[in-house]
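Peer 1: First the structure, which I've put down as structure tokens, then a few questions once you've had a look.
The values are calculated or read from the model by the stated rules, or taken from the named source; none is laboratory data. Being a predicted model, the structure only gives us computed values, none of them experimental. Using ideal geometry, Cβ is built from the backbone for each residue, glycine included, and neighbour counts are taken over all protein chains shown.
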Amino acid sequence: MPLKAVKLEKFKQQLIAKRRQLLTEVRGSNTGSLETSGDGIQDIADQASSAYTKEFLLSIGDAERRLLKQVDDALERIRQQTFGQCEGCGEMISERRLEALPFAKLCIGCQEEEERARSRR
Ligand SMILES: [Zn+2]
């Protein structure tokens with residue numbers, strides 16, 4: 001069953017806040033050009049083009065870069081209306097999991113499967 005619009009909006013706000021937090025953390029006080037007046041999804045797309053300069057990506061660590069990518073991917077999935085769907089099996093990810101990890105793209109089963117596969121390598 002797809003997520004209710006109100007739930008989706010909540011996750012979207014969480015993701016936008018997370019993204020802003022990441023950008024603020026890595027840029028310190030130098031975030032002026034990244035601030036926008038609204039929280040619309042279009043603003044995020046605009047921000048992305050200015051934020052993803054080469055220097056910016058080089059200035060942040062791997063962990064932040066990966067997380068930022070995950071957050072952006074999740075926002076993109078909201079736009080594509082596939083948010084909450086597991087990329088592995090296509091089932092809906094549980095709301096409890098999304099509340100803890102709004103940028104999760106795999107359900108718990110597929111995530112465990114992937115971690116098992118990774119540790120075998
Ligand atoms: Zn799955």
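Peer 1: Please specify each residue of segment 65-93 satisfying the condition of being within 18 Å of residue 112 (Cα to Cα) and over 11 Å from the mean Cα position of the chain (by Cα).
Peer 2: Selection gives 84, 85, 86, 87, 88, 89, 90, 91, 92, 93.
Peer 1: For residue 56, work out the one condition from (1) over 14 Å from the mean Cα position of the chain (by Cα); (2) under 18 Å from residue 12 (Cβ atoms); (3) among the aromatic types (Phe, Trp, Tyr) it doesn't fulfil.
Peer 2: Looking at each condition in turn, residue 56 falls short on (2).
Peer 1: Taking the condition crowded, with 17+ Cβ neighbours inside 10 Å, modelled with pLDDT of 75 or more and part of a helix (DSSP H, G or I), does residue 8 pass?
Peer 2: So residue 8 does not fit the description; no.
Peer 1: Next question. Residues in segment 37-64 that are in contact with a helix residue (DSSP H, G or I) (Cβ under 6 Å, 6 or more places away or on another chain) and modelled with pLDDT of 75 or more: how many?
Peer 2: Result for segment 37-64: 2.
Peer 1: Looking only at segment 94-113, filter to residues that are outside any helix (DSSP H, G or I) and near the ligand (Cβ under 7 Å from one of its atoms); which one of those is farthest from the chain's Cα centre (by Cα)?
Peer 2: Filtering first and then ranking leaves 107.
Peer 1: Scan 34, 67, 3 and give me the residue that is surrounded by 14 or more Cβ atoms within 10 Å (Cβ to Cβ) and modelled with pLDDT of 85 or more.
Peer 2: On the way: 34 fails: modelled with pLDDT of 85 or more; 3 fails: modelled with pLDDT of 85 or more.
Answer to the selection: 67.
Peer 1: If you don't mind, there's one more thing I want to ask. Within segment 67-121, can you find the residues that are touching a residue at least 60 places away in the same chain (Cβ under 8 Å) and farther than 15 Å from residue 12 by Cβ?
Peer 2: 92
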